[in-house]
Each structure stands twice: as C-alpha cells, then as structure tokens.
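Notes follow the structure.
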Amino acid sequence: MVPINTTHRNPQDPRLLGALGADNSSTRLEAALAAGTQADPGLADALVARCAVEPDFFVRDMLTWALTRLPAEITVPRLVSELRAGRAQARSQALHTLSKIGDASAWPAITRSLLRDADDDVARSAWRAAVVLVPPDERNELAAELAGQLGRGDRTVRLSLSRALVALGEVITPVLHARLASKDPAVRAHARATERLLHDPDAGFDLAVDEAKRIVALGPERVRDTAC
C-alpha cells in the first residue's frame, strides 16, 4: 500500500482520487481518511460519487465522516441531488450522510416517496434522516406518515421504524393507538411493540414484539385474566 500524504491540499491529487477507487478496501479506507483529514471542499464531488458505489461498509462510513468535515453549504446540495439517483445505494448513503450533517435545510428533500421507498435500506435511511431534520411543527405529520408503514418488512426493518418513531417522542401516541385498531395483526403487534419501547426504552425489541404478539393473539382482556 502506498502511503497517502494527508497534508497535500490539492483536490486534483491523482494519487488520492485514484486511491478512492482502488481495488483494495484498505487503500480506499486510507484515502477516505486522508480526504477527511484534509477537509478540502474540492474533494466533495469525488466523495459523494464514491459513496454511491462503495461496496465496503467501513469505507462508506469513513466517506460519510469525510463529508461531514466539509462545509454544509457545499455538501448538502450535492447530497440532495443524489436523492434523485436511480441507484438505491446512492439514495441511501446520501440520506445517511444528511442525517449525520444535520442541516435543517435538507428537510424539504425528505419526500414521502423516499420515506416509502421500495428499497428497505433507502427507506430506513430516510426514516433516520427525517427524525433528525424534521421541524417541530411537522413532527405530528411525520409520525402519521411513519406509523402508516407499521408491519413493513423483516425484523431489521421493523426495529428501524420503531426506533424512528420512538425518537419523535410522545407525539406518536395517537397514531400508535390508531394503528392498534388495524385489521392486520402484524400492524397491531408492531404498533404495540413500538408503544412498549416508547414507555420502556430499555425493553428489548424482540421481547416487546413477543409480548405484543401474545396480546394481539389473546386480546387485552384475556391477557389480564391470565396475569391474575
């Protein structure tokens, strides 16, 4: 591996730009670290472009860190543009990075289509970004939007959705109660498990889901009877 000079300030440094796309993931990781250390705005385009295609989780995480080191007025418009990309990873990683930057100007770009994206990774990233960026006066509307997806996906997806809802706080209580009346038992169980997590953050998600499924299966009255 050829060491990368982290003190080099030239954004067109062919060694650094080439290393971002090297075959070896360790080289790419070192290049992303060097880019973040330099914090040179001239690297923004290359970093955003690499996020869209980088296969290694740890390198992607370092690319995100490098982008958070740059001025938001440079990175946010580029990341918002990525939200319209056809590649799911480009959308997901841009949303993830926007959530880390936390610049509220990106909120209008978190559309319903992203929150409902058919790709679970994109949707999960959108949920996390939304709860970070949402203005106070739009939290109720966001809670209703997210609650409309209760019951979606596998355990990982449902846990992500529950965490996003819980992060909004007590504003989710009315929408959870509404979803408890759903005809779909999966939706009711997910809503009840999320409600449990809201009031007991230390409760394990799997235990909350198991308890919720039991309540849904038996009905609240029978659960109280069996507890006596």
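The values are calculated or read from the model by the stated rules, or taken from the named source; none is laboratory data. If you're wondering where the values come from, they're calculated on a predicted model, not measured in any experiment. Cβ atoms come from the backbone with ideal geometry, glycine included; neighbour counts cover every protein chain shown.
Which of the residues belonging to the range 87-100 are basic (Lys, Arg) and assigned to a helix (DSSP H, G or I)?
Result: ARG91, LYS100.
Take the residues in the range 64-76 that are assigned to a helix (DSSP H, G or I) and more than 20 Å from VAL53 (Cβ to Cβ); name whichever of them is nearest to the chain's Cα centre (by Cα).
VAL76
Can you go through LEU114, LEU159, LEU180 and tell me which one is closer than 23 Å to THR64 by Cβ, out of contact with any Gly (no Cβ under 9 Å at 6 or more places or on another chain) and at pLDDT below 95?
Testing whether each residue is closer than 23 Å to THR64 by Cβ, out of contact with any Gly (no Cβ under 9 Å at 6 or more places or on another chain) and at pLDDT below 95 leaves just LEU159.
How many residues are within 20 Å of ALA94 (Cα to Cα) and either among the aromatic types (Phe, Trp, Tyr) or part of a helix (DSSP H, G or I) (or both) when one looks only at the range 15-33?
Counting residues in the range 15-33 that are within 20 Å of ALA94 (Cα to Cα) and either among the aromatic types (Phe, Trp, Tyr) or part of a helix (DSSP H, G or I) (or both) gives 7.
Any residue that is assigned to a loop (DSSP other than H, G, I, E, B), of a type in the set (Val, Ile, Thr), buried (at least 17 other Cβ atoms within 10 Å of the Cβ) and not assigned by TED's automatic domain parsing to the domain that holds GLY36 - is there at least one of those in the range 101-118?
There is at least one residue in the range 101-118 that is assigned to a loop (DSSP other than H, G, I, E, B), of a type in the set (Val, Ile, Thr), buried (at least 17 other Cβ atoms within 10 Å of the Cβ) and not assigned by TED's automatic domain parsing to the domain that holds GLY36.
So is GLU82 acidic (Asp, Glu) and surrounded by 22 or more Cβ atoms within 10 Å (Cβ to Cβ) or not?
Against the criterion (acidic (Asp, Glu) and surrounded by 22 or more Cβ atoms within 10 Å (Cβ to Cβ)), GLU82 qualifies.
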